[in-house]
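Got a structure for you, written out below as C-alpha cells; questions coming shortly.
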Amino acid sequence: MKYEIVMGLEVHVELATNSKLFCGCSAKFGAEANENVCPACAGMPGMPAVTNKKAVELGIAAGIITNSEIAKTMTFDKKNYFYPDLPAGYQITQLFAPICRNGWVEIETEAGKKKITLKQIHIEEDAGKLVHDSHTGTTLVDFNRTSVPLVEIVSNPDFRSSDEVIAYLEKLRSLLSFANISDCKMQEGSMRCDVNISAREAGSNKLGTRTEIKNLNSLKAIAKAITYESQRHMDALETGSETLIQETRRWDDNKGETFSMRGKEDATDYRYFPNPELMPVVIGDEWISAVRAALPEMAHEKFARLTGQLGLSEYDSRIITGSKNLSEIFDETTRYFNNPKEVANWIIVELLSIATGDNKGEDDIAIDRKKFAKLMELVDQKIINRNVGKKLLVKVLEEGIDPAAYVEENRLGMVSDADVIRKAVLEVLSEDEKSVNEYKGGNQKVLGFFVGKVMKKLDGKADPKIVNALLAEHLAK
Ligand SMILES: [Zn+2]
C-alpha cells in the first residue's frame, strides 16, 4: 500500500424534540409545506428566542453515550451566510463553547476493534428546504425544517477505510436511536453525513489536500462515494493528472462520481460571533446525573439481557438488538406472550422475511403487539398449526385482523382427529402408487411430498405431527 486514506466525519442528527430549537413550532417531519412556521423561526428581526430545554437534555445524553466531556456552560454563536433557505441570514450554532468535547466511540470491523475519537458535539438549528419545481422552472422554500434542533458530531480524522466509516455510522445510529435522541432515519434526512477525505503516502504524518463530500444520504452511497473519491485523490498524487484543491464536492449517485460544488470555506468566512440574544446554559452535575439515570436500556445492555437472562442465541440477539424497532416489538410482544425464544423466532424467521418481500427495512415494520402475541399463543395452544399462523401473520400486518376471531369465522382451527387425517393419508397414498414405490425403494424425500398432499386435502389445517406419524405408519406397511 503506497497511499493511505485519511477521513473525518461530520454527522448531523435531528433531535427527537416535539418543538423547534428556539420557538414553539412543531418539529415533526412530513407536514404540509410551511405549516410549522412562526415569525421567530422565519427569521423576523427582533423576535425573542428561548432555548428548548429538551434539546439541551438530548445533547447531554449524546455526550454521555459517546464518553464525552460535557461543558459546564454552553453558549450559542451566529454563523453568518446568505442562502434562501436561511431566512435570518445566520445559523445559530456553537463554536466557542460547544456542549461536548473529546468523546470516543468504539467500532468493530473485520480488522478488529478501534476507538474513533470525537473532537466535539454541538447543538445547532437546521436550515429550511429548497424545492425545485422543474415543471414551472421555479424554486420554492419550505421553512418547516428551519430551526429544527440538530447535533453535529465531529470526529477527528481517525478513519482509514470505508468499512470503518460504515461501522461508525451504524454504531452511532444504534447509540442515538436506543437512547431516544433521534430516530436516525437517513431516508428522511434525520441523520446526514459529510466526509472529509484526503490521501497521503503511507507512513507520512502530513495531511494531504482534503475535500469534503456532502449530500450523502445512504450507507451505500457513502461507501461508493469514498471509493470514488479515494481513487481520485490517489490518481492525482500518483500521476499528477489533476491538482487537488480544498473544496466541497457533491456525490451524484446516478453517475457514480463526485463533482465540485464550491470552494471550501474556513471558519473566518462565516464571521462567527457570540449570539447576544441567547442566555448561556449552565449544565450542573445534578442535571447530567438525572439525564444519565433516565437513559433507556442501550443495545449492548439489551444484548446481554437477551443472551443471559432470556437464554437467546447470540445470533438471534444480535439481529433483534440491531434495530431499535425490532427490539421494541420483541420486548412489548413478550409482555403479552411470555416465550422469548418463540417470539424471537417468529420475528426473525417470519416477520423479517415478509418485510424483505415488501422491500421494507427493519425499522419500517409496524405490527400490533397484542395481535402478534395472540397469534403465537394460538399456535402454542395447538388451536391452529404453524402454517396457518404464518398466513395469519400476513393478514395481521396488512389488514390488522383479530387472529382469534378470524380463526373462528374462517374455521381455521387445527384438525387433530386421527380418523379424519388417516382417511386423507390413505386417499393420498392410493392415488399415487408410483411415489409410494419410490419411497419404499429408499427415496426418503417423498415423505415431504406426501405431507404436502395430505395438508392440501385438509386445507392446510392438519396437525403436522399426526400427519407425519400416520404417513410413516402406512408407508411401512
Ligand atoms: Zn417557529
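The values are calculated or read from the model by the stated rules, or taken from the named source; none is laboratory data. Quantities reported herein were computed from a predicted structural model and do not represent experimental measurements. Neighbour counts run over all protein chains shown; Cβ positions are idealised from the backbone, glycine included.
Test GLU433 against the criterion of being over 19 Å from GLU350 (Cα atoms), loosely packed, with under 13 Cβ neighbours inside 10 Å and not aliphatic (A, V, I, L, M), and give yes or no.
Values: over 19 Å from GLU350 (Cα atoms): yes; loosely packed, with under 13 Cβ neighbours inside 10 Å: yes; not aliphatic (A, V, I, L, M): yes.
For GLU433, the condition - over 19 Å from GLU350 (Cα atoms), loosely packed, with under 13 Cβ neighbours inside 10 Å and not aliphatic (A, V, I, L, M) - is met.
Taking region 39-48, which residues are within 12 Å of the ligand (Cβ to nearest atom) and either among the basic types (Lys, Arg) or surrounded by fewer than 19 Cβ atoms within 10 Å (Cβ to Cβ) (or both)? Lay out the reasoning, then the answer.
We begin by selecting, within region 39-48, every residue within 12 Å of the ligand (Cβ to nearest atom); these are 39-44, 47-48.
Of everything in region 39-48, those that are within 12 Å of the ligand (Cβ to nearest atom) and either among the basic types (Lys, Arg) or surrounded by fewer than 19 Cβ atoms within 10 Å (Cβ to Cβ) (or both) turn out to be PRO39, ALA42, GLY43, MET44, MET47, PRO48.
So which residues in region 124-143 are under 15 Å from GLU32 (Cα atoms) and either away from the ligand (no atom under 13 Å from the Cβ) or under 23 Å from the mean Cα position of the chain (by Cα) (or both)? Outline the logic, then answer.
Applying the first criterion (under 15 Å from GLU32 (Cα atoms)) to region 124-143 yields 128-131, 140-143.
Matches in region 124-143: LYS129, LEU130, VAL131, LEU140, VAL141, ASP142.
Return yes or no: is VAL154 surrounded by 17 or more Cβ atoms within 10 Å (Cβ to Cβ), within 16 Å of the ligand (Cβ to nearest atom), of a type outside the set (Gly, Ala, Ser) and within 24 Å of the chain's Cα centre (by Cα)?
Criteria not met by VAL154.
Going by the conditions given, is VAL165 over 19 Å from CYS41 (Cβ atoms) and modelled with pLDDT of 95 or more? Even if it seems obvious, please write down each step before you answer.
Working: over 19 Å from CYS41 (Cβ atoms): yes; modelled with pLDDT of 95 or more: yes.
Considered against the rule, which asks whether it is over 19 Å from CYS41 (Cβ atoms) and modelled with pLDDT of 95 or more, VAL165 comes out as yes.
Okay, next question. Could you say which residue among LYS341, LYS371, LYS360 is touching a Gly at 6+ places or on another chain (Cβ under 8 Å), exposed (fewer than 15 other Cβ atoms within 10 Å of the Cβ) and in the same structural domain as ALA405 (by TED's automatic domain parsing)?
Details: LYS371 fails: exposed (fewer than 15 other Cβ atoms within 10 Å of the Cβ); LYS360 fails: touching a Gly at 6+ places or on another chain (Cβ under 8 Å).
Exactly one of LYS341, LYS371, LYS360 is touching a Gly at 6+ places or on another chain (Cβ under 8 Å), exposed (fewer than 15 other Cβ atoms within 10 Å of the Cβ) and in the same structural domain as ALA405 (by TED's automatic domain parsing), namely LYS341.
Still on this structure, please answer the following. May I ask you to verify whether VAL420 is among the hydrophobic types (A, V, I, L, M, F, W, C) and either closer than 30 Å to MET186 by Cα or in contact with a helix residue (DSSP H, G or I) (Cβ under 7 Å, 6 or more places away or on another chain) (or both)? Working first, answer last.
Details: among the hydrophobic types (A, V, I, L, M, F, W, C): yes; either closer than 30 Å to MET186 by Cα or in contact with a helix residue (DSSP H, G or I) (Cβ under 7 Å, 6 or more places away or on another chain) (or both): no.
The answer is no for VAL420.
Let me ask something else about it. Can you tell me which condition ASN36 does not meet? The list is (1) within 13 Å of the ligand (Cβ to nearest atom); (2) surrounded by fewer than 16 Cβ atoms within 10 Å (Cβ to Cβ), and all the others hold.
All conditions pass for ASN36, except number (2).
Looking at region 178-206 only, could you name the residues that are part of a loop (DSSP other than H, G, I, E, B) and in contact (Cβ under 8 Å) with a residue 12 or more places away in the chain?
Let us first name the residues in region 178-206 that are part of a loop (DSSP other than H, G, I, E, B), namely 179-185, 189-190, 202-206.
Result: ALA179, ASN180, ILE181, SER182, ASP183, CYS184, LYS185, GLY189, SER190, ALA202, GLY203, SER204.
Residues are listed down the side, and each one gets a yes or a no for (1) small (Gly, Ala, Ser); (2) at pLDDT 85 or above; (3) touching an Asp or Glu at 6+ places or on another chain (Cβ under 6 Å):
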site	(1), (2), (3)
GLN187	no, no, no
CYS193	no, yes, no
ILE197	no, yes, yes
GLU201	no, yes, no
ALA223	yes, yes, no
ASP235	no, yes, no
THR239	no, yes, no
THR248	no, yes, yes
TRP251	no, yes, no
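Looking at ALA404, is it assigned to a helix (DSSP H, G or I), loosely packed, with under 14 Cβ neighbours inside 10 Å and among the hydrophobic types (A, V, I, L, M, F, W, C)? Steps first, please.
On the way: assigned to a helix (DSSP H, G or I): yes; loosely packed, with under 14 Cβ neighbours inside 10 Å: no; among the hydrophobic types (A, V, I, L, M, F, W, C): yes.
No, not satisfied.
Now, a different point. Got a sec? Which helices (runs of 4 or more DSSP H) wholly within region 245-339 have at least 2 residues that are touching a residue at least 12 places away in the same chain (Cβ under 8 Å) and out of contact with any Ser or Thr (no Cβ under 8 Å at 6 or more places or on another chain)? Write out each step before concluding.
Details: elements: 285-294, 299-307, 314-321, 324-336.
Here the list reads 285-294, 314-321, 324-336.
Considering every residue within region 66-79, establish whether at least one is touching a Leu at 6+ places or on another chain (Cβ under 8 Å), within 16 Å of the ligand (Cβ to nearest atom), in contact (Cβ under 8 Å) with a residue 12 or more places away in the chain and more than 30 Å from TYR228 (Cβ to Cβ).
Here is the first cut: in region 66-79, the ones touching a Leu at 6+ places or on another chain (Cβ under 8 Å) are 66, 68, 75-77, 79.
Imposing the further condition that a residue be within 16 Å of the ligand (Cβ to nearest atom) reduces the set to none.
Among the residues of region 66-79, not one is touching a Leu at 6+ places or on another chain (Cβ under 8 Å), within 16 Å of the ligand (Cβ to nearest atom), in contact (Cβ under 8 Å) with a residue 12 or more places away in the chain and more than 30 Å from TYR228 (Cβ to Cβ), which makes the answer no.
Also: From ALA31, ALA61, ALA16, ALA55, grab the single residue that is within 15 Å of the ligand (Cβ to nearest atom) and buried (at least 19 other Cβ atoms within 10 Å of the Cβ).
Details: ALA31 fails: buried (at least 19 other Cβ atoms within 10 Å of the Cβ); ALA61 fails: within 15 Å of the ligand (Cβ to nearest atom); ALA16 fails: within 15 Å of the ligand (Cβ to nearest atom).
That would be ALA55, the only listed residue that is within 15 Å of the ligand (Cβ to nearest atom) and buried (at least 19 other Cβ atoms within 10 Å of the Cβ).
Among (1) at pLDDT below 95; (2) more than 16 Å from the ligand (Cβ to nearest atom), where does THR93 come up short?
Failing condition for THR93: (1).
Residues being in a loop (DSSP other than H, G, I, E, B) and more than 17 Å from ARG200 (Cβ to Cβ): count how many of those fall in region 148-169. I'd like the intermediate steps shown before the answer.
So the first thing to find is which residues in region 148-169 are in a loop (DSSP other than H, G, I, E, B), and the list is 148, 156-158, 160-161.
Remaining after also requiring more than 17 Å from ARG200 (Cβ to Cβ): 148.
Total meeting the criteria: 1.
In this structure, does PHE82 turn out to be surrounded by 15 or more Cβ atoms within 10 Å (Cβ to Cβ) and assigned by TED's automatic domain parsing to the domain that holds ILE181? Can you show your working first?
Values: surrounded by 15 or more Cβ atoms within 10 Å (Cβ to Cβ): no; assigned by TED's automatic domain parsing to the domain that holds ILE181: yes.
When the stated conditions are applied, PHE82 does not pass them.
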